[in-house]
1. Can you give me the number of residues within the range 237-282 that are within 18 Å of LYS201 (Cα to Cα), touching a residue at least 12 places away in the same chain (Cβ under 8 Å) and of a type in the set (Phe, Trp, Tyr)?
2. Just to check your reading of the model, which residue among ASP336, ASP320 is of a type outside the set (Val, Ile, Thr), closer than 19 Å to ILE73 by Cα and surrounded by fewer than 16 Cβ atoms within 10 Å (Cβ to Cβ)?
3. Which of the residues belonging to the range 251-282 are in contact with a Lys or Arg (Cβ under 8 Å, 6 or more places away or on another chain) and assigned to a strand (DSSP E or B)?
4. Are there any pairs with C-beta distances below 7 angstrom linking a residue in the range 331-355 that is in contact (Cβ under 8 Å) with a residue 24 or more places away in the chain to a residue that is hydroxyl-bearing (Ser, Thr, Tyr), with the two at least 6 apart or on different chains, and if so which?
5. Cβ-Cβ below 7 Å, separation at least six or inter-chain, first residue in the range 290-309 and under 14 Å from ALA347 (Cα atoms), second hydroxyl-bearing (Ser, Thr, Tyr) and buried (at least 16 other Cβ atoms within 10 Å of the Cβ): which pairs?
6. Hey, any hits in the range 157-174 for a residue that's surrounded by 16 or more Cβ atoms within 10 Å (Cβ to Cβ), free of Cβ contacts under 8 Å to residues at least 40 places away in the same chain and not in a loop (DSSP other than H, G, I, E, B)?
7. Do the conditions hold for PHE274, that is, is it open to solvent by less than 40 Å² (accessible area, probe 1.4 Å), under 24 Å from ASP76 (Cα atoms) and in contact with a strand residue (DSSP E or B) (Cβ under 8 Å, 6 or more places away or on another chain)?
8. Please go through the range 176-190 and give me each residue that is open to solvent by 90 Å² or more (accessible area, probe 1.4 Å) and in contact with a strand residue (DSSP E or B) (Cβ under 9 Å, 6 or more places away or on another chain), ordered by number.
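The values are calculated or read from the model by the stated rules, or taken from the named source; none is laboratory data. Computed from a predicted structure; not experimentally measured. Cβ atoms come from the backbone with ideal geometry, glycine included; neighbour counts cover every protein chain shown. These area figures cover heavy atoms from the full protein model, side chains too; ligands, DNA and RNA do not enter into them. Shrake-Rupley method; radii C 1.70, N 1.55, O 1.52, S 1.80 Å.
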Amino acid sequence: MENAQLDRNGTVQRGRVWTASLVVIVLSMFVSCTMGNSASEVAVDCNGVDRAIVFAGLDWGSAQINNHIAGRILQDGFGCMFEDTPGSTDPLIQGLVRGEIDIVMEVWVNTAPDTYREAITTGDVIDLGLNMSAVQYSFLVPRYVIEGDATRGIQPMAPDLRAVADLARYSSVFQDAEQPGQGRYHNCIVGWQCEQINTDKLATYELDMSFINFRPETPAEFSNSLSTAYEQGEPWLGYYWGPTWVLGSFDMVVITEPAYTDDCWVDGDYGCAFPTDPVHIAISKEFSELAAKPMLDFFTAYEMDQSLMSELLAYMGDEDADPANVAVHFLLNKSDVWTEWVSIEVADRIKASLD
């Protein structure tokens with residue numbers, strides 16, 4: 001979906017090969033001398049993989065962060081080299097099918113190309129399951145709109161706002177500057193799929209009479225409308241989704257809709273919540289046969305909470321960090337997360353490299 005693409009950006013690390021660090025080499029020698037032909041010795045030799053492991057260098061921020069987190073774990077925990085091949089979804093999925101790409105860390109299943117589904121059926125691609133669940137919201141407000149914020153001197157503006165059925169009586173809270181008699185709903189950009197869906201939602205919920213359906217002209221205008229309102233403590237109502245730096249930066253509350261059903265969505269009135277868009281990890285058949293079980297177990301165990309990814313995207317923007325630095329930040333500060341993906345021996349090697 002187009003709306004899921006806005007935050008898929010950032011600097012692609014083109015053609016860069018990340019080699020095993022000196023710390024890993026030293027650790028490998030130590031393990032070899034003290035433990036003999038053990039599982040740990042195999043692990044620091046990249047499970048026998050004698051070339052760089054190739055990631056799909058998808059052109060948005062969360063995918064690049066996932067690549068570098070997984071790549072750094074391979075490098076410092078398994079003694080591997082890794083690189084990425086930059087590109088967009090369709091050609092990189094085709095590369096996965098041909099065995100030119102080893103790993104795609106973000107396959108957005110609901111919008112994956114037919115090539116991907118066919119390759120799963122033929123066994124040319126192995127789907128390793130969930131990486132994260134990307135969530136799409138239609139109605140969001142800053143938390144201070146409902147609860148206030150004593151530290152900023154903000155009083156609650158809509159204390160009983162909970163569901164879309166409550167919005168009409170609070171339209172004056174979200175007053176449109178150009179048409180003061182109505183509220184303003186911040187929709188997606190014209191041409192994005194989410195814009196038409198949300199337009200239909202406003203009509204289905206009979207909110208189109210009490211709210212102006214405002215459509216920004218650019219992605220920057222879209223995000224700036226919220227960031228400006230939030231900084232000034234002003235009311236804001238509109239659409240956003242996760243994972244994004246926006247939801248990692250601002251404390252927002254979802255205004256509830258009826259639960260998603262296929263019938264509601266297929267009928268076309270969209271009078272229910274957006275479906276959750278699952279994001280999976282996939283590997284090529286060739287890589288599944290090349291990599292040893294400990295490495296495949298790592299990729300199977302890898303799972304990123306979408307709210308945490310939003311935090312990492314916000315960190316990348318706030319600190320002007322590249323995805324490699326974000327990966328280090330994650331490994332240093334979220335050991336309770338990533339140590340669940342690997343063995344104790346692998347985790348110890350990664351911690352030693354970070355020290």
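1. Result for the range 237-282: 6.
2. One residue alone meets the criteria, ASP336.
3. Hits for the range 251-282 are MET252, VAL253, THR256.
4. Listed pairs, sorted by first residue: TRP341/TYR302; GLU345/SER40; ALA347/THR339; SER353/SER21.
5. Note: pairs meeting the criteria are PRO294/SER343.
6. yes
7. In short, no.
8. Those that are open to solvent by 90 Å² or more (accessible area, probe 1.4 Å) and in contact with a strand residue (DSSP E or B) (Cβ under 9 Å, 6 or more places away or on another chain): ALA177, GLU178, GLN179.
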